[in-house]
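Here's the structure, in C-alpha cells; my notes come after.
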Amino acid sequence: MYDFLALAYPWVKAFHIVSVISWMAALFYLPRLFVHHTERAGLEGETHEIFTMMEFKLATVIMRPAMHATWIAGLVLVFTPGIVDWSMVWPWLKGASVIGMILFHIWLIQRMKAFQKGENTLTGRQYRMMNEVPTVLMLVIVFSVVVKF
C-alpha cells in the first residue's frame with residue numbers, strides 16, 4: 001500500500017493543488033456575489049432570482065465538490081509515508097487553518113440560504129470584510145507547507 005501511495009504522490013499532489021485552486025476561487029467569488037446581490041439586487045425580483053441561482057450553482061457545482069476533492073487528496077497525502085512530520089508545527093497550523101476554511105465555507109452556505117429565503121441581514125461592506133478571511137487562511141496554509149517551520 002505504501003509503495004502505491006509513494007508512486008501516486010505526484011499525481012495526488014497535482015490533483016490536490018487543482019482542487020484547492022477551484023475551492024479557493026469559489027470561496028473568493030461567492031462573497032463578492034453577495035456584495036453585489038446586497039448592493040444591486042435586493043431580496044426580491046428578477047435580479048434577486050438570478051443572483052440566487054448563480055450563488056447556488058457556484059456553491060453546489062463548484063465549491064462543494066472542490067472542497068471534497070481537496071479533502072480526499074489531502075488525506076491521501078497525509079497518509080503517504082514521509083510527507084508529514086507531525087513533530088513540527090506546520091502540519092498542525094495547516095490543519096487548523098483548513099478547519100477555519102471549512103467553517104468559512106459553512107458560513108457562506110448559511111448566508112446563501114439566507115439570501116434564498118430573502119433574509120439577508122449583512123451589508124456589502126460586511127461581505128467585503130469577510131472576503132479577506134480566506135485570503136488570510138490561504139497565506140497561513142501556503143507558508144506553513146512551503147516553509148515547514
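Being among the hydrophobic types (A, V, I, L, M, F, W, C) and either in contact with a strand residue (DSSP E or B) (Cβ under 7 Å, 6 or more places away or on another chain) or within 11 Å of Met54 (Cβ to Cβ) (or both) is the filter; apply it to segment 21-39 and report the residue that is surrounded by the fewest Cβ atoms within 10 Å (Cβ to Cβ). Residue satisfying both the conditions and the ranking: Leu33. Within segment 22-37, none of the residues are over 26 Å from Gly100 (Cβ atoms) and of a type in the set (Ser, Thr, Tyr).
Taking the criterion of being charged (D, E, K, R) and surrounded by fewer than 18 Cβ atoms within 10 Å (Cβ to Cβ), the residues of segment 46-98 that qualify are Glu46, Glu49, Lys57, Arg64, Asp85.
Identification of helices (runs of 4 or more DSSP H) wholly contained in segment 1-91 with 3 or more residues that are of a type in the set (D, E, K, R) and without any contact (Cβ under 8 Å) to a residue 12 or more places away in the chain yields 46-57.
For segment 113-149, the candidate set comprises residues that are touching a Ser or Thr at 6+ places or on another chain (Cβ under 8 Å), in contact (Cβ under 8 Å) with a residue 24 or more places away in the chain and under 29 Å from Thr47 (Cα atoms); within that set, the residue that is surrounded by the fewest Cβ atoms within 10 Å (Cβ to Cβ) is Thr123.
Taken together, the values in this text are just the output of simple stated rules run on the coordinates, not laboratory data. Here the structure is a predicted model, which means the values were calculated and not measured. Note that we place each Cβ from the backbone using ideal geometry, even for glycine, and neighbour counts take in every protein chain shown.
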